[in-house]
Amino acid sequence: MIRVILPAHLRTLAHVEDELKLDLQCPVTTCSILDAIEERYPMLRGTIRDHVTKQRRPFLRFFACEEDLSLESPDTPLPEAIASGKEPFFIIGAIAGG
Amino acid sequence: MSKARVLVGTRKGAFILTSDGKRQNWDVSGPHFAGWEIYHLKGSPADPNRLYASQTSGWFGQVLQRSSDGGKTWETPGGGVSTAPDGMPTGESNKFVYDTSAETGKPLTTHQWYDGTQHPWEFKRVWHLEPSLTDPDTAYAGVEDAAIFRTTDGGHSWHELSGLRGHASGPLWQPGAGGMCLHTILLDPKHPGRMFIAISAAGAFRTDDGGKTWKPINRGLKSNMIPDGTAEVGHCVHRIAMHRSRPDVLFMQKHWDVMRSDDGGESWHEVSGNLPSDFGFPIDVHAHEPETIYVVPIKSDSEHYPPDGKLRVYRSKTGGNEWEALTNGLPQKNCYVNVLRDAMAVDSLDSCGVYFGTTGGQVYASPDGGDNWAPIVRDLPAVLSVEVQTLS
């Protein structure tokens, strides 16, 4: 079971209080995680990546296993620790705004 | 007994204030959508319980919220939690994609940037929502970069009325200091298909065919800060207002100058008269007196606060030129707030109520057409928009 931690504002928007748990086929990628999130929580479409271009929104980053994966190809398989649920996949909002 | 419901959008959430017809005591609910910028929320004239709200964030982009019970509960249309793959909602209520289809004839992809070069159109946020006068499921959205979208399914999906952005003058439009936003949408109650919109900094436009074609309506405007001060487009219009009974008469607060048109925008003339400053953002019309209008003078475009530190609404009962300061109940010293373009509204109770919100987080109301004012809530986040519903 994949574990995903959303920023607080997106948890509110999706009406979830804790981390998401997603059941995905291997290989697990950033793209497959985002596809699953948007399928299960349609209100989050457009808030993490662009509706059309699928580009990550500029003030969001993706982290896993203490690595910043934001600039990796979204189709790159994620570490086994993510696929197994040992480690969560983080979607993090930039700390900005003063 | 009639009631008033005030819808307040702020930098950090929405607030809903309700009162009986006396408008002395107010209940405040909120913040709704805490932490998000609420550029605008507005109720449907056809169904007062139907509200639309524009919820935005620099991090997460645009979200469109809808209420069917007067703001008690909200939903993202088509975006409810889905656990079944079949019949999944489309979740496109926040999908504002510019029309580049071949059917529009000439997809327009650039406008003028600050440095004079051409720049691609990029959606940033919804500035203004204008529900249809007759159908709760139909509403218009004015967005940045400037374009107008329409929903006919209660906000589930939005489609651009691309004839506006496709106007031949499009490449000459340029952003104002706040971005290139379409911030004003007026629906003509007497001429179906006629709408007026305004863009900073392109100017005012009118359609007579429901949004298929548009014409600039800026004749008579003079803007010293642009190369050709009387150009067809390029004017920084801050707000337009009309009275429902007389939709051919328009009032405009331009960057500088308060203007009036008596012919549906075909021509404008200045009515700034004796205002202490003719710079400002909002303008509105009394609910029962079509010649009574309100503005809030601001010192200048580099000093976004009232002249002399005195917060004064100015009222003209002659459709402009002759203005009186309204000060009872408003701070008359050390006041350096601003009042933004969408942050003034009027109710239609027997004694017309006038409302405005400030960047200091106060919402002031006058239950007697502007003679006396009091804050009905204070210390909110900076107020971006104020709308009022008169409920029976």
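Each value in this text was obtained by applying a stated rule to the coordinates, not by laboratory testing. Keep in mind that what you see is a predicted model, and the values were worked out from it rather than measured. Neighbour counts are summed over all protein chains in view; Cβ atoms, including those assigned to glycine, are modelled from backbone coordinates with ideal geometry.
Condition test on A:Arg56, is it within 11 Å of the chain's Cα centre (by Cα), surrounded by fewer than 19 Cβ atoms within 10 Å (Cβ to Cβ) and within 13 Å of chain B (Cβ to nearest Cβ)?
yes
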Residue pairs within 6 Å by beta carbon, gap of at least six or interchain, first lying in the stretch B:312-323 and part of a loop (DSSP other than H, G, I, E, B), second among the charged types (D, E, K, R) and buried (at least 17 other Cβ atoms within 10 Å of the Cβ), listed first then second, are B:Gly320/B:Arg260
List every residue pair whose Cβ atoms sit under 7 Å apart, with the two residues 6 or more apart in sequence or on different chains, where the first one lies in the stretch B:244-255 and is touching a residue at least 40 places away in the same chain (Cβ under 8 Å) and the second, anywhere, is among the aromatic types (Phe, Trp, Tyr) and in a loop (DSSP other than H, G, I, E, B).
B:Met252/B:Trp268; B:Gln253/B:Phe281
Taking the stretch B:130-171 and the residues there that are within 12 Å of B:Leu187 (Cβ to Cβ) and among the aliphatic types (A, V, I, L, M), the one that is surrounded by the fewest Cβ atoms within 10 Å (Cβ to Cβ) would be B:Leu133
Among all residue pairs at least 6 apart or on different chains, which show Cβ distances below 7 Å where the first residue, located in the stretch A:32-48, is more than 7 Å from chain B (Cβ to nearest Cβ) and the second is of a type in the set (Phe, Trp, Tyr)?
A:Ile33/A:Phe89
Which of the numbered conditions does A:Ala94 fail, given that it passes all the others? Conditions: (1) facing chain B (nearest Cβ under 8 Å); (2) within 13 Å of the chain's Cα centre (by Cα).
(2)
Please go through the stretch B:107-129 and pick out each residue that is under 14 Å from B:Met180 (Cβ atoms), buried (at least 16 other Cβ atoms within 10 Å of the Cβ) and in contact (Cβ under 8 Å) with a residue 24 or more places away in the chain.
B:Leu108, B:His111, B:Gln112, B:Trp121, B:Phe123, B:Lys124, B:Arg125, B:Val126, B:Trp127, B:His128
Restrict the check to the stretch B:293-304 and report whether at least one residue is in contact (Cβ under 8 Å) with a residue 40 or more places away in the chain, in a strand (DSSP E or B) and over 21 Å from B:Gln362 (Cα atoms).
yes
